[in-house]
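Worksheet: the structure to be examined is printed underneath.
The values are calculated or read from the model by the stated rules, or taken from the named source; none is laboratory data. Since this is a predicted model, take the numbers as computed values, not measurements. Every residue, glycine as well, gets a Cβ built from its backbone with ideal geometry; the counts of neighbours run over all protein chains shown.
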Amino acid sequence: MRVEEWTFYITGKSLSDTKLLAKVRNFEMIVDEPAEIGGTDEGPNPVEYILVALAGCLNVTIKGIASEKGINIRSLEFALEGRLNPEKFQGISKKERAGYKEIKATVYIESDTTKEKLEELLKEVEERCPVTDNLKNPTPVKIEIKPK
């Protein structure tokens, strides 16, 4: 099945210094900061959503490639950990990256196939998952300000 280029849209409204109401298709979600840094802890923070997006993308990509290759997956679970470098975000450093220094994704797969075939599958997943690709090769972001 060939898929045409897709365009995705979200809208957001600031509810406070730390909280955003985001709308994606017909879903609403709160983006917020933990209470210990001034938020209300009503939802994941923006960088945590990156980990959620990565887990979701890995899930879809692993299942899709496994299906293409005839690999039966009985269960699939994820544990993701991201180490954030806050120095640029806080204005302490001009040289460091503002984002994650490293993301570790552990994928627990229960399957009938061999470990070698699962490792081949995961290598292809790393190449084909759009979120992984954006983390490895950042997409340029163009920010435009318009008066309301």
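Summary of values
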item: Residue that is modelled with the lowest pLDDT, among those in region 97-148 that are touching a strand residue (DSSP E or B) at 6+ places or on another chain (Cβ under 9 Å) and hydroxyl-bearing (Ser, Thr, Tyr); result: Tyr100
item: Count of region 99-116 residues which are surrounded by 14 or more Cβ atoms within 10 Å (Cβ to Cβ) and not in a strand (DSSP E or B); result: 2
item: Hits in region 87-98 - residues which are exposed (fewer than 13 other Cβ atoms within 10 Å of the Cβ) and either part of a strand (DSSP E or B) or at negative phi (or both); result: Gln90, Ile92, Lys94, Lys95
